[in-house]
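Heads up, the thing below is written out as structure tokens.
The values are calculated or read from the model by the stated rules, or taken from the named source; none is laboratory data. This is a predicted model, so every value here is computed, not measured. FYI the Cβ positions are ideal-geometry reconstructions off the backbone, even for glycines, and counts take in every protein chain you see. For the accessible areas, the whole protein counts, side chains as well, though only heavy atoms, and no ligand, DNA or RNA atoms are used. Shrake-Rupley method; radii C 1.70, N 1.55, O 1.52, S 1.80 Å.
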Amino acid sequence: MASITLKNLKKVYDNQVLAVSDFSMEIQDQEFIVLVGPSGCGKSTILRMIAGLEEISGGELYIGRQKMNDVPPRDRDIAMVFQNYALYPHMTAYKNMAFGLENRKLPKEQIDAKVREAARILDIEDLLDRKPKAMSGGQRQRVALGRAMVREPAVFLLDEPLSNLDAKLRTSMRSEIIKLHQRLGTTFVYVTHDQIEAMTMGDRIVVMKDGVIQQIGTPAEVYHRPANLFVAGFIGTPPMNFLPAVLEEDAAGYCLRLGGSALSISAAGSPLSQECLARYRGCRITLGIRPDQLTLGEEGLPAQVDVAEALGGETYLYLECCGVRLTAKLPGTVTMPPGATVHIQIPPQQLHFFDQESGRNLLCPSAASAAAVISEPPSELLAEPQSPGPKKRSLLAKAKAFARTAHREKTTD
């Protein structure tokens with residue numbers, strides 16, 4: 001078991017393309033971390049640098065207390081599961097799972113015990129004599145997981161392992177991987193572009209864009225307090241609605257001017273602080289509201305129905321309102337013909353407020369969101385100990401406590 005420390009990691013390819021810029025975070029021992037973002041955001045590059053498959057252009061990588069920048073992949077005590085499974089087509093499932101152990105010259109009895117125990121956990125005991133061509137995608141994925149399991153690594157790295165599966169199988173395999181993590185108690189780093197996988201699987205989520213961390217937090221933190229416009233629009237299905245508005249002060253307090261309509265917010269009932277309301281008075285801001293927070297009523301903002309998608313238990317209404325397109329997630333009993341005029345009610349306490357220039361969420365004062373970026377760990381923590389005595393062990397314990405305290409203070413800032 002091992003923690004992972006990434007300090008100012010940078011990756012620049014030969015064509016001077018900057019893939020990852022100043023990536024810093026600490027992954028705790030036995031934690032399940034999910035790197036999520038659109039294609040090309042650098043998440044797989046981070047995973048490959050941890051694995052040793054990509055050279056680090058700058059910064060430092062530690063697994064446990066050992067610096068790994070120049071350590072070859074075979075010596076990093078990691079196991080990686082790839083998107084395309086990467087099974088040997090001419091080998092049976094048993095041989096695929098045993099191959100790495102055989103290369104390490106383990107006794108046959110020990111190899112057999114490890115392979116059969118992994119097969120039992122993954123429920124693939126009846127597949128051990130089959131070759132990959134005789135298996136479904138889900139079965140191949142389980143064999144790939146089993147091949148990683150038998151090595152008993154300190155860190156599991158998973159690079160979009162479910163993207164080739166159908167929707168139903170992805171759901172079941174998500175549950176299998178979560179149970180596997182709970183059973184093994186090993187550090188997992190999981191890469192995906194699917195925000196549903198990120199929300200359902202991760203202890204913490206790292207949202208990335210253009211090689212830069214946008215936010216680090218628990219699924220609930222990232223969903224309910226997105227750091228900026230990108231995170232707000234990326235996390236959540238359907239994505240958050242955005243409306244341009246002007247914050248004005250009137251006789252009753254404050255209101256949000258949206259086109260020809262106004263939404264009243266009192267200073268007492270607004271999620272924004274009095275100081276923030278005063279600072280942004282008269283300024284253009286961007287409002288955010290989740291689709292499931294919108295309701296229909298006799299009063300509210302007028303909107304026209306473009307499309308209604310009936311999904312059984314719920315209905316999605318795609319609306320034109322205040323010159324922008326909105327999505328409302330409503331009960332399945334709601335039916336509306338295209339072209340119908342409705343009134344949308346927006347609860348002010350559910351609104352998010354974003355600075356129009358920077359995109360920062362005004363409800364998150366420290367929303368630069370390097371929430372889990374760590375400060376410089378003590379050198380004693382990062383050095384490989386050589387048979388530490390009582391004093392050394394005491395020093396290491398204090399250093400670890402220091403790092404944990406710094407991490408908590410950064411996270412709760």
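Being of a type in the set (A, V, I, L, M) and surrounded by fewer than 17 Cβ atoms within 10 Å (Cβ to Cβ) holds for only one residue in 311, 294, 326, 330, and it is 311. For region 89-111, a residue qualifies if it is under 14 Å from residue 146 (Cα atoms) and either in contact with a helix residue (DSSP H, G or I) (Cβ under 8 Å, 6 or more places away or on another chain) or among the hydrophobic types (A, V, I, L, M, F, W, C) (or both), and the qualifying residues are 93, 94, 96, 97, 98, 99, 100, 101, 111.
So that you can scan it fast, the table gives a plain yes or no per residue for (1) within 12 Å of residue 37 (Cα to Cα); (2) surrounded by 20 or more Cβ atoms within 10 Å (Cβ to Cβ):
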{"residue": "195", "(1), (2)": "yes, yes"}
{"residue": "210", "(1), (2)": "yes, no"}
{"residue": "219", "(1), (2)": "no, no"}
{"residue": "244", "(1), (2)": "no, no"}
{"residue": "247", "(1), (2)": "no, yes"}
{"residue": "264", "(1), (2)": "no, no"}
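Number of residues in region 162-207 that are of a type in the set (Ser, Thr, Tyr) and free of Cβ contacts under 8 Å to residues at least 40 places away in the same chain equals 4.
Going by what's in this entry, would residue 76 be described as of a type outside the set (A, V, I, L, M), modelled with pLDDT under 95 and surrounded by 20 or more Cβ atoms within 10 Å (Cβ to Cβ)? Yes: the conditions hold for residue 76. Within region 184-191, the presence of at least one residue that is open to solvent by 10 Å² or more (accessible area, probe 1.4 Å) and over 15 Å from the mean Cα position of the chain (by Cα) is confirmed.
Every residue, every condition in (1) open to solvent by 40 Å² or more (accessible area, probe 1.4 Å); (2) of a type in the set (Ser, Thr, Tyr); (3) at pLDDT 90 or above, yes or no:
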residue: 84; (1), (2), (3): yes, no, no
residue: 89; (1), (2), (3): yes, no, yes
residue: 102; (1), (2), (3): yes, no, yes
residue: 108; (1), (2), (3): yes, no, yes
residue: 115; (1), (2), (3): no, no, yes
residue: 122; (1), (2), (3): no, no, no
residue: 128; (1), (2), (3): no, no, yes
residue: 136; (1), (2), (3): yes, yes, no
residue: 161; (1), (2), (3): no, no, no
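The set of residues from region 197-208 being of a type outside the set (Ser, Thr, Tyr), over 23 Å from residue 64 (Cα atoms) and open to solvent by 50 Å² or more (accessible area, probe 1.4 Å) comprises just one member, 199. Restricting the first member to region 85-111 and to residues that are of a type in the set (Phe, Trp, Tyr), and the second to residues that are outside any helix (DSSP H, G or I), the beta-carbon pairs closer than 6 Å and six or more apart or on different chains are 94/128. At least 3 residues being in contact with a Lys or Arg (Cβ under 6 Å, 6 or more places away or on another chain) is the threshold, and among the strands (runs of 3 or more DSSP E) wholly inside region 202-274 those reaching it are 241-250. I want to confirm something. Restricting to region 150-167 and keeping residues that are assigned to a loop (DSSP other than H, G, I, E, B) and small (Gly, Ala, Ser), which single residue is farthest from residue 42 (Cα to Cα)? So, considering only residues that are assigned to a loop (DSSP other than H, G, I, E, B) and small (Gly, Ala, Ser), the one farthest from residue 42 (Cα to Cα) is 154. Here is the figure for region 1-46: residues that are of a type in the set (S, T, N, Q), under 16 Å from the mean Cα position of the chain (by Cα) and open to solvent by 30 Å² or more (accessible area, probe 1.4 Å) total 3. Can we say residue 58 is open to solvent by 70 Å² or more (accessible area, probe 1.4 Å) and small (Gly, Ala, Ser)? No: the conditions fail for residue 58. Among the conditions (1) open to solvent by 50 Å² or more (accessible area, probe 1.4 Å); (2) of a type outside the set (Phe, Trp, Tyr); (3) in contact with a strand residue (DSSP E or B) (Cβ under 8 Å, 6 or more places away or on another chain), the only one that residue 152 does not satisfy is (3). With respect to residue 170, determine if the residue is under 14 Å from residue 83 (Cβ atoms), open to solvent by 50 Å² or more (accessible area, probe 1.4 Å) and outside any loop (DSSP other than H, G, I, E, B). Spelling it out, residue 170 is indeed under 14 Å from residue 83 (Cβ atoms), open to solvent by 50 Å² or more (accessible area, probe 1.4 Å) and outside any loop (DSSP other than H, G, I, E, B). Screening residue 309 on (1) touching a residue at least 12 places away in the same chain (Cβ under 8 Å); (2) within 29 Å of the chain's Cα centre (by Cα); (3) more than 25 Å from residue 227 (Cα to Cα) shows it passes everything except condition (1).
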